[in-house]
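> There's a structure below that I have some questions on.
The values are calculated or read from the model by the stated rules, or taken from the named source; none is laboratory data. If you're wondering where the values come from, they're calculated on a predicted model, not measured in any experiment. Neighbour counts run over all protein chains shown; Cβ positions are idealised from the backbone, glycine included. These accessible areas exclude ligands, DNA and RNA; they are computed on the full protein's heavy atoms, side chains included. Shrake-Rupley method; radii C 1.70, N 1.55, O 1.52, S 1.80 Å.
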Amino acid sequence: MDSDNEPKKRKSKTPKTPKDSVLKQKSPAEFFAENKNIAGFDNPGKSLYTTVRELVENSLDSAESISELPVVEITIEEIGKNKFNSMIGLVDRERVDEALYDDFETAKAREKRLAKEARAQELQAKNASLGKKGKEPAAPKAMKGRGDASFYRVTCKDNGRGMPHDDIPNMFGRVLSGTKYGLKQTRGKFGLGAKMALIWSKMSTGLPIEISSSMRGQNFISFCRLDINIHKNIPHVHLHEKRDNKDRWHGAEIHLVIEGNWTTYRSKILHYMRQMAVITPYAQFLFRFISDVSDKNVTIRFSRRTDVMPPVPVETQHHPSSVDLLLIKRLITETSKQNLLQFLQHEFVNIGKSLAERLIGEMGPEFTPKMAVKSLTSQQIVRIHQLFRQAKFDDPSGDCLSPAGEYNLRLGIIKELHPDMVATYSGSAQVFEGHPFIVEAGVSVGGKDVKQGLNIFRFANRIPLLFEQGGDVVTRTAMKRISWNNYKINQTQDKIGVFASIVSTKIPFKGTGKEYIGDDISEIATAVKYAIQQCCIQLKSKIVRKIQAREQQERKRNLSRYIPDATNAIYDVLKEVSQFHASKKRRFEEEDANVLQKVHSRMITKDTLRDMLTQYVEKVDYEMAMEYATQSGVNEAPKEAIYLQTLEAEYNFIDFHSTNFVFRLIQ
């Protein structure tokens, strides 16, 4: 008992020593799963849009790689909650504890809502009795909990190259593995393609992706059902087999189920498909949205307008001024060349044998042309890098680039926008930071479904850019650096379409989502401005001719309006004078006398005068128009009918490409 009275010992409050930190490593798949916004998967709606975009662009690349005119079918099927649960084997369960859910409405909230609705109905009845038109009461919004997600099956089918049977698991189930990592113009932004869509499918639904693929000449179709082990960055294959290919089809067909939001991103997805049809008029797209509610169904076909395709982009070597230390070390590790001279000649563009020898001589006495490139020390590599940054090299050519082409750009604009007039321009290759780039531009006036003012259409490596438009170099140039009034274009009243396409081996995107090109690279900003100005100059001459034709018609209409009155007045004067002449009260000269004699004998009537005045107005109007055309440098060129062969016909031909047109010689 005495022990109970003893004071209790206080427990020491010494801090606990933390456990030793364990070094952990994340796989690439794990990194992108945790930072999915980097790849454009910010939210369900954006994820649906990005999935469609990645699949469409992969299909275009695949078809173009074998010079096949692309045929792409994209289908989005809305999946209801019950159907989705049955797909994953989950049985629907009735709610037991309603208050547990996010969309539960308390008694107080319900009373408040009903009172508000009652007041609205009372106000509406009062207005009706007074004969006033009040606003229709808004329909009560259905409460949607955070757990009520929307799911969609996305299917993309193409007629492209297809994939080798054994490579399919790694091509879809291993992040940062692919065929697009060389230095060349590519549509992709991160090299993720459908892999990020697979990761999103894994995160939002847990369902695997299904791939069907066949290559040219194969008598089988590769079928693969797989998902991805995000932590290990390896594919998890459920089924991988070969199936009969009776139709000798080649291409790829991909099915995946993801969480999305069609309602909020419907316009973005359709806008993307329309812009893709503008920049690739040689492709045929079929887009479908399928829902249980028939009113929501959408089917749009973007037909092919031409069968002329741009050349396939080719891989190129790095320009010396664009490399860093890490890249030089990697090139040294991967090169098959033995000595330094061969390495400089074959691993970089614009370094010939004589220039390579001069560079080696400038590096210092410890460098020789025959020294083994693999034996270079870190200090020697730094010296090479320093010289590359200081030396002067010729700019790289744009031969490795594949722009859409002025011909295709013009066709795409006409096909989708139906403008009143359009002008296009394709610039020559230019360089920023050792990377070649080409800017193509188009400006249209008028058209179908085009709003008043400036409508900006931006493309990078032939893909549309729809987000973060305000900071883009094209938007800033069109809105702030072009004096539209100087080209007879009203910036606020006219329907103006501004199209700018930039292709390069390195697109200088800004922001984590890579959705716009910054305005801080002077070479690109200058090239964009010049290209748009060249289009405006072309349009100005067309607009001036149009204004001149309109003024000519107005002038002719005004003159023609007074012909009847002038005819009556002149005829009355001539008739009265002819009577004086006939009565010999007044004599006139011989020429005037002849005219008066004809009037008196009714050889000249009102109808005769009217016809003569009409002919005179036509003559004066034509002479004034020709004088204006001569002064403004507009020549009336002879017009000649040309015959365009149908795309479906089979024939042999040779294409001669120009910046403005393609001449096809049919054999």
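> Over the chain, what percent of the accessible surface lies on carbon and sulfur atoms, probe 1.4 Å?
Details: 19690 of 39450 Å².
So the carbon and sulfur contribution to the accessible surface is 50 percent.
> Work through the residues other than Leu325 whose Cβ is under 12 Å from its Cβ and net out their charges, Lys, Arg +1 and Asp, Glu -1.
Numbers: positive: Lys329, Arg330, Arg383, Arg389; negative: Asp324.
Charge balance in the 12 Å sphere: +3.
> Among the listed pairs Lys556/Lys598; Lys184/Lys374; Lys83/Lys202; Lys24/Lys232, which are separated by more than 22 Å between their Cα atoms?
Values: Lys556/Lys598 29 Å; Lys184/Lys374 26 Å; Lys83/Lys202 18 Å; Lys24/Lys232 13 Å.
Among Lys556/Lys598; Lys184/Lys374; Lys83/Lys202; Lys24/Lys232, the Cα-Cα distance tops 22 Å for Lys556/Lys598; Lys184/Lys374.
> Quick check on the stretch 222-277: take the gyration tensor over C-alpha atoms, sort the square-rooted eigenvalues as a ≥ b ≥ c, and tell me if it's rounded (a/c under 1.5), prolate or oblate. Before the final figure, lay out each step's value.
Working: a/c = 3.02, a/b = 1.36, b/c = 2.22.
Taking the square roots of the gyration eigenvalues as a ≥ b ≥ c, the stretch 222-277 is oblate.
> Given contacts defined as C-alpha pairs under 8 Å and at least six residues apart, what's the relative contact order of the chain, whole-number percent? Walk me through the numbers on the way to the answer.
Values: 1054 pairs, mean separation 74.9, N = 667.
It comes to 11 percent, rounded to a whole number.
> Mind jotting down the distance between the C-alpha centroids of the stretch 440-509 and the stretch 306-343, whole Å?
33
> I'd like to check one number: the per residue accessible area of the chain, probe 1.4 Å, reported in Å² as a whole number. Intermediate values should be presented prior to the final figure.
Values: 39450 Å² over 667 residues.
On a per-residue basis, the chain sits at 59 Å².
> Additional query: Kindly provide the chymotrypsin sites (Phe, Trp or Tyr not before Pro) of the stretch 60-121 that DSSP labels as loop, not H, G, I, E or B, and whose Cβ sees at most 14 other Cβ atoms within 10 Å.
Values: sites: Phe84, Tyr101, Phe104; in loops: Tyr101, Phe104.
Answer in residue order: Tyr101, Phe104.
> Continuing with the same structure: What does the accessible area of Tyr487 come to, in Å² to the nearest 10, when a probe of 1.4 Å is used?
It works out to around 40 Å².
> A further question follows. May I ask which of Lys495/Lys540; Lys268/Lys480; Lys46/Lys268 have a Cα-Cα span longer than 18 Å here? If you can, show how the numbers build up before the last one.
On the way: Lys495/Lys540 15 Å; Lys268/Lys480 26 Å; Lys46/Lys268 9 Å.
Lys268/Lys480, as the Cα separations exceed 18 Å there.
> Okay, moving on. Among 237-250, 273-286, how do they line up from the highest to the lowest mean number of other beta-carbon atoms within 10 Å? Let's see the in-between values first.
Values: 237-250: 12.6, 273-286: 22.1.
Put in order of decreasing packing, that is 273-286, 237-250.
> Could you pull out every one of the aspartates and glutamates with an alpha carbon less than 15 Å from that of Lys329, ignoring same-chain neighbours closer than 8 positions?
Glu347
> Thinking of the stretch 396-552 as a set of Cα atoms, what percent of all their pairs are more than 18 Å apart?
Values: 6911 of 12246 pairs.
Percent of Cα pairs beyond 18 Å in the stretch 396-552: 56.
> Measure up Lys370/Lys506; Lys337/Lys506; Lys26/Lys337; Lys392/Lys506; Lys108/Lys296 against 29 Å on the Cα-Cα distance and list the ones that go over.
Numbers: Lys370/Lys506 33 Å; Lys337/Lys506 26 Å; Lys26/Lys337 35 Å; Lys392/Lys506 21 Å; Lys108/Lys296 36 Å.
Pairs exceeding the cut-off: Lys370/Lys506; Lys26/Lys337; Lys108/Lys296.
> For the stretch 460-477, in order, what is each residue's ³J(HN,Hα) by Karplus, 6.51 cos²θ - 1.76 cosθ + 1.60 with θ = phi - 60°, in whole Hz (x at glycine and Pro)?
With coefficients 6.51, -1.76 and 1.60, one gets 10, 6, 6, 10, x, 10, 10, 10, 6, 6, x, x, 6, 5, 5, 4, 5, 5 Hz.
> Just the number: Rg to Rh for the chain, Cα atoms, Kirkwood Rh, two decimals. Working shown, then result.
On the way: Rg = 37.0 Å, Rh = 32.0 Å.
A ratio of 1.15.
> Enumerate the aspartates and glutamates that Lys542 could reach by cross-link, defined here as Cα to Cα under 17 Å, with residues fewer than 8 away along the same chain left out.
Asp420, Asp494, Glu551, Glu636
> Another question, if that's okay. Determine, from the Cβ-Cβ distance of Ala566 and Glu589 and an R0 of 25 Å, the FRET efficiency 1/(1 + (r/R0)^6), rounded to the nearest 0.05. Before the final figure, lay out each step's value.
Working: r = 24 Å, r/R0 = 0.94.
After rounding, the FRET efficiency stands at 0.60.
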